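Q: Attaching a single structure in structure tokens format; questions to follow.
The values are calculated or read from the model by the stated rules, or taken from the named source; none is laboratory data. Given the structure is predicted, the values throughout are model-derived calculations rather than measurements. A quick note on method: Cβ atoms are made from the backbone with ideal geometry, for glycine too, and the neighbour counts reach across all protein chains shown. Please note that ligands, DNA and RNA were not included when accessible areas were found on the heavy atoms of the full protein model with its side chains. Shrake-Rupley method; radii C 1.70, N 1.55, O 1.52, S 1.80 Å.
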Amino acid sequence: MEISIGIIGFGRMAKTIISPLFETGEYNPEHVFGIVGGTSSIPSLLSELPKGVKVVSSEDALSKEVWSAPLKILAVKPQQFGNIKEYSSSFQSTIQFPKPLLISILAGITLKSLQNAFPEHTCVRAVPNTPSLVGEGLTGLSWSDDITSEQKITVRKIFEPISEIFELPERQLDSFLALTSSGPAYIALVIEAMADGAVAAGLPRNLSNQLTHKTISGTVSLLSEKCLHPAELKDMVASPAGTTISAIRHLELAGLRSALIEAVVLAAQKSRQLAEEVSN
Ligand SMILES: NC(=O)c1ccc[n+]([C@@H]2O[C@H](COP(=O)([O-])OP(=O)(O)OC[C@H]3O[C@@H](n4cnc5c(N)ncnc54)[C@H](OP(=O)(O)O)[C@@H]3O)[C@@H](O)[C@H]2O)c1
């Protein structure tokens, strides 16, 4: 079996990352080999993938074949990290690819832990976010020092179809995650709450949801297209003794801004703490 890409943990994120690579023809489905936890998830997974992709469970003897791929994406849950064991393979070393590549998307698993677990590999830590599902994602990347420029290009090509890429020192990845990976959840809460407010103020539910989405996306477009600082936009909208400044007074009293600041800081702290728990 000739494998060019191995997927260890073929769940939601792995599907999001790999699917556009089939569409662009970057990877031939026949050369993609995936592993999942149990056999029950295989039929529905295969029905969503192009013909030719092979998927087996981690219990299957064939699963060790994944280690012969020059490129692997590790996409199990962080709690399953300890169950993944590296097997040596007959990898043919070249100047461009001295060692096979392993790209991990696991939250909080450091390059050091990856390198300890997969010493035969050049390791990459990638932090993609869920808007990648619609090609509007952001991915933070950090790699081990032994990575070649050819390998960097290979990694970038994987994430470019779904996201804008940011190469960062690893110490910044937890903060990147706290903003970009957890951020969609904060924004979803804000959207839900604003729509609830519109319902409480008398608008129908569907219309409230639709108007909230459009208000948020329109505000983001305005800020970026006119290069406005958020404070400038706030001042443009808040007229003296008007409705907006009354609402802002309440938001300040309720601590909206400090709640969001603390939320991002706490998420970054939690990511660092998870990394320590795994490495201990
Ligand atoms: N969701 C996000 O927004 C997001 C963003 C950035 C990064 N991440 C990271 O992405 C990773 C995957 O998240 P996800 O949402 O895609 O999870 P998921 O849908 O639950 O996928 C996990 C996959 O791992 C498989 N698996 C379980 N045990 C395994 C084993 N021993 N060997 C091989 N495969 C095994 C599961 O198979 P079964 O279904 O058969 O058990 C499943 O296919 C996580 O580490 C997360 O930190 C997620």
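Q: Go through segment 79-120 and give me each residue that's of a type in the set (D, E, K, R) and within 16 Å of the ligand (Cβ to nearest atom).
A: Lys85, Glu86
Q: If you don't mind, there's one more thing I want to ask. How do the pairs read when you match residues in segment 4-21 that are open to solvent by less than 10 Å² (accessible area, probe 1.4 Å) and away from the ligand (no atom under 11 Å from the Cβ) with residues anywhere that are modelled with pLDDT under 95 and of a type in the set (Gly, Ala, Ser), using Cβ under 6 Å and keeping only pairs 6 or more apart or on different chains?
A: What qualifies is Ile5/Ala69.
Q: For segment 22-53, name all the residues that are within 16 Å of the ligand (Cβ to nearest atom) and part of a loop (DSSP other than H, G, I, E, B).
A: If the condition is that a residue be within 16 Å of the ligand (Cβ to nearest atom) and part of a loop (DSSP other than H, G, I, E, B), then Gly37, Gly38, Leu49, Val53 are the ones that fit.
Q: Tell me the residue from Val76, Val66, Val56 that is assigned to a strand (DSSP E or B), surrounded by 17 or more Cβ atoms within 10 Å (Cβ to Cβ) and within 14 Å of the ligand (Cβ to nearest atom), please.
A: Every option except Val56 fails the conditions.
Q: Where the second residue is assigned to a loop (DSSP other than H, G, I, E, B) and open to solvent by 80 Å² or more (accessible area, probe 1.4 Å) and the first is under 23 Å from Glu136 (Cβ atoms) and lies in segment 220-240, which pairs have Cβ atoms under 9 Å and are six or more apart or on separate chains?
A: Leu223/His229; Leu233/Lys226
Q: Would you mind finding the one in Pro169, Pro204 that is under 30 Å from Thr122 (Cα atoms), over 14 Å from the mean Cα position of the chain (by Cα) and at pLDDT 95 or above?
A: Being under 30 Å from Thr122 (Cα atoms), over 14 Å from the mean Cα position of the chain (by Cα) and at pLDDT 95 or above holds for just one of Pro169, Pro204, which is Pro169.
Q: Considering only strands (runs of 3 or more DSSP E) fully contained in segment 92-199, which possess at least 1 residues that are open to solvent by 10 Å² or more (accessible area, probe 1.4 Å) and touching a strand residue (DSSP E or B) at 6+ places or on another chain (Cβ under 7 Å)?
A: By residue number, 122-128, 137-143, 163-167.
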